[in-house]
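K.L.:
One structure, pasted below without further comment.
The values are calculated or read from the model by the stated rules, or taken from the named source; none is laboratory data. Remember, it's a predicted structure, so these values are computed and weren't measured experimentally. Cβ placement follows ideal geometry from the backbone for every residue including glycine, while neighbour counts extend to all protein chains displayed. Note: accessible area is taken over every heavy atom of the protein model, side chains too, but ligands, DNA and RNA are not part of it. Shrake-Rupley method; radii C 1.70, N 1.55, O 1.52, S 1.80 Å.
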Amino acid sequence: MLTYYFITNKENIQLARDEAIALITAYNPNAEIISKERLLIVNSNKDLKQVWDRAAMLRYAGRSYDKVDLKTFACKVINLTDNKLDQRYYIDKFVKEMNLKNAKVSLNNPDVVFGIIIADKEYRCILLSKNNKKLLKLHKHPAELVNKLAILMINLSGVIEDEILLDPCCGTGTIIMYASYMGINSIGCDISMKMCNYTRDNLEVNNLSASIINCDSTRLPIKRTDVMVSNLPYGRASSTYKRDSKELIKQIIDECNMARRIVIMCKEGDEPEYIKSYTIYVHSNLRRKIVICR
Ligand SMILES: C[S@@+](CC[C@H](N)C(=O)[O-])C[C@H]1O[C@@H](n2cnc3c(N)ncnc32)[C@H](O)[C@@H]1O
């Protein structure tokens, strides 16, 4: 059994926690999760490194250790309390207790970085490094999603490798690109042939693949998907093709009834029935809703 420590960003703690929990339960439904504000302590009999590699809203991740064989190390004190702490005190105490006298401190590429988490008590772990990459985009669009929000929405759906994700309004393909990069079978649809071609080009430049279909998603030509994740049209820059955006969203969601989970972004006031919704500041004065419909 391993213990993982996941620490959220300071902003949007609830959303960050929900993202982490969706990923943890997707990779191990039997994991035991103890939630303490920004800190999630997770006991798992399965590897959860993917949670850290995928998460958009986590700041740090670490895991427990028994013995460590190392020549060089570094320590990072992560203070989750409101108090100012003497970091040197915690590092000196840690080095003494771990008997690390034969290992050297190295801030450049150490064998191990220890995390000393100060919360309701002190937790110690090995901090995990992150494997992720910013994908290239040949084509952009004024209504495209920022990468971080695309990743967050995919993660909230709890989809994992080899399952199917559908984005029925894929635009330039941000969601499809990141889902495909995560090893998820991805299907993107868009009513605009130009957008479909943009998505194809954006996939190709990153050596990624997905099925891209030019169609009206109120009449989808596909029968199966595990989840639906989409940034749906708002009108203005992201055209609804003269349809009422709220009605269009409702129709597209009805058409995706085979999906076990639906996560969308829409403008405030357009939300369909939902189990959870979050307000997101896309930029200073533009607010959007991320909605988990089911
Ligand atoms: C907000 S944009 C999606 C942006 C995308 N997430 C990105 O990062 O580029 C909405 C897209 O929905 C498409 N769309 C509008 N009505 C549609 C319909 N009935 N069926 C399929 N796609 C539609 C538009 O062509 C547009 O590309």
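K.L.:
Tell me the label-point distance for the pair Val282, Asp53, using the 7 Å Cα-to-Cβ offset, in nm and rounded to one decimal.
P.N.:
Computed distance between label sites Val282 and Asp53 equals 3.1 nm.
K.L.:
Leaving out ligands, DNA and RNA, and with a 1.4 Å probe, what % of the accessible surface on region 2-127 is carbon or sulfur?
P.N.:
Whole-percent figure for carbon plus sulfur exposure: 45.
K.L.:
Over the chain, average the accessible area per residue using a 1.4 Å probe and give it in Å², no decimals.
P.N.:
On the way: 15000 Å² over 294 residues.
It amounts to 51 Å² per residue over the chain.
K.L.:
Can you check what the net charge comes to around Ser217, using other residues whose Cβ is under 13 Å from the Cβ of Ser217 (Lys, Arg +1; Asp, Glu -1)?
P.N.:
Values: positive: Arg219, Arg243, Lys250; negative: Asp167, Asp190, Asp216, Asp254, Glu255.
After counting each charged neighbour, the total is -2.
K.L.:
Size of the dipole of the chain about the Cα centre, Lys and Arg at +1 and Asp and Glu at -1 on the beta carbon, nothing else charged, in debye to 20?
P.N.:
680 debye
K.L.:
Given a Förster distance of 41 Å, report the FRET efficiency between Lys76 and Glu271 from their Cβ-Cβ distance, rounded to the nearest 0.05. Present the calculation step by step, with values, prior to reporting the outcome.
P.N.:
Details: r = 40 Å, r/R0 = 0.98.
Taking R0 as 41 Å, the efficiency between Lys76 and Glu271 is 0.55.
K.L.:
Okay, moving on. Considering only protein heavy atoms and a 1.4 Å probe, what is the carbon-and-sulfur percentage of the accessible area of region 147-292?
P.N.:
46 percent
K.L.:
Let me ask something additional. What percent antiparallel are the DSSP beta bridges of the chain, to the nearest 5?
P.N.:
Just about 60 percent of them are antiparallel.
K.L.:
Another question, if that's okay. Rg and Dmax of region 99-215, using alpha carbons, in Å: what are they?
P.N.:
Both quantities, over Cα of region 99-215: 19.8, 65 Å.
K.L.:
Not counting ligands, DNA or RNA, and with a 1.4 Å probe, what is Val282's accessible surface area in Å² rounded to the nearest 10?
P.N.:
50 Å²
K.L.:
Determine the percent antiparallel among the DSSP beta bridges restricted to region 191-294, to the nearest 5.
P.N.:
Percentage antiparallel, nearest 5: 70.
K.L.:
Quick one: how many lysine pairs in region 147-292 have C-alpha atoms under 24 angstrom apart, if they're 8 or more apart or on different chains?
P.N.:
Lysine pairs satisfying the spacing and distance rule in region 147-292 number 20.
K.L.:
Please give the contour-minus-distance gain from Asn257 to Leu107: 0.36 nm per residue of separation, less the Cα-Cα distance, rounded to one decimal in nm.
P.N.:
Additional length available on full extension: 48.9 nm.
K.L.:
Can you list the residues of region 244-277 with backbone N under 18 Å from a point 7 Å past the Cα of Ser35, pointing along Cα to Cβ?
P.N.:
Under 18 Å, as judged by backbone N against the label point of Ser35, lie 275-277 of region 244-277.
K.L.:
If R0 is 22 Å, what FRET efficiency do you get for Glu11 and Val146 from their C-beta distance, rounded to 0.05?
P.N.:
E(calc), rounded to 0.05, equals 0.95.
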